1. Determine the gain in length on full extension of the stretch residue 290-residue 243; use 0.36 nm per residue of separation and subtract their C-alpha separation, reporting nm with one decimal.
2. Output the Kirkwood hydrodynamic radius of region 107-233, Cα pairs only, in Å rounded to one decimal.
3. When DSSP assigns beta bridges and you keep just the ones with both residues in region 166-296, what percent turn out antiparallel, to the nearest 5?
4. Could you work out which residue, out of 163, 18, 265, moves most in a Gaussian network model of the chain, that is, has the largest mean-square fluctuation with Cα springs under 10 Å?
5. Taking the beta-carbon count within 10 Å as an exposure proxy, list 232, 151 from fewest neighbours to most.
6. Given the Cα-Cα distance of residue 112 and residue 176 and 0.36 nm per residue of separation, how much length would full extension add, in nm?
7. Using the Kirkwood radius over Cα pairs, work out the Stokes-Einstein diffusion coefficient for the chain at 20 °C and 1.002 mPa s, in µm²/s as a whole number.
8. Could you work out [θ]222 nm for the chain from helices alone, using -39500 (n - 2.57) per DSSP H run of at least four and dividing by all its residues? Round to the nearest 500 deg cm²/dmol.
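Derivation of every value follows stated rules applied to the coordinates shown; laboratory data play no part. Just so it is clear, the model here is predicted, and its values are computed rather than measured. Cβ sites come from the backbone with ideal geometry, for glycine too, and all protein chains shown count toward neighbours.
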């Protein structure tokens, strides 16, 4: 089978299921696992480089309102790769080539490949995506093994923080303007021994003002700007240090959003373990990721 992945979390999941040798095309943003770096890149970013967060937000809004794509798809290369399966998403127009565009391009190919969209909105649905891909690729046993291992890790975290006082959390997914995280993030916060006081599980991320954060009076502000790694997340938080101090939280924590929160792939469990360590280090002494704290 020849597979093209048009969303980074699908690429991670395909490799986790042992399908790396079948992946013949990925996006320009697929940077994990490291083996994906050697696979043909089939997309490109149409936004100018070097934009500030505010400029990125404005550019994305302008393009989506005008019906213009944020990402380019190399149709000629896609045809050359002759995929049997294309894996994409419909959930977020900012995260990948649009589903409608992918379907339209796929229909021009001979033979027409199967197109699967992975669109999880909750943590449970991300586990369901494992089964969806397994059914399409005949990897049932690998999927069962992956889900079993993921659930065991989740259960260990739940057991470790059971009975611990829940720290209230606001998760900032973007700083200019401020967005609070939705989808699976509030569930990860709850599983890690916290309580998300602004986000709603399964719902889209919501724009919020600093007054809303101050009124929420969280114990912790979790800084996970979409698509940024830990050091960059800390840098972004530092740019808004005065505003963050005004919220009155005990801790301002920056984690690797790109690896552990933005992408609903297997590494969400790494994010859970890292977040549990950040919230309750005395109960979860180890973590796969690095916790960055903003000095208040």
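1. Values: separation 47, 0.36 × 47 = 16.92 nm, distance 2.37 nm.
Result: 14.5 nm gained on full extension.
2. Working: mean 1/r = 0.0594 Å⁻¹.
Taking every pair of different Cα atoms in region 107-233, averaging 1/r and inverting gives 16.8 Å.
3. Details: 7 of 19 bridges.
Counting only bridges with both partners in region 166-296, antiparallel ones make up about 35 percent.
4. Top of the fluctuation ranking is 163.
5. Details: 232 16, 151 12.
Starting with the residue having the fewest Cβ neighbours, the order is 151, 232.
6. Here the segment from residue 112 to residue 176 would lengthen by 18.9 nm.
7. The Stokes-Einstein estimate is 108 µm²/s.
8. Details: 12 runs with 121 residues, N = 296.
The helix contribution divided over the chain gives -12000 deg cm²/dmol.
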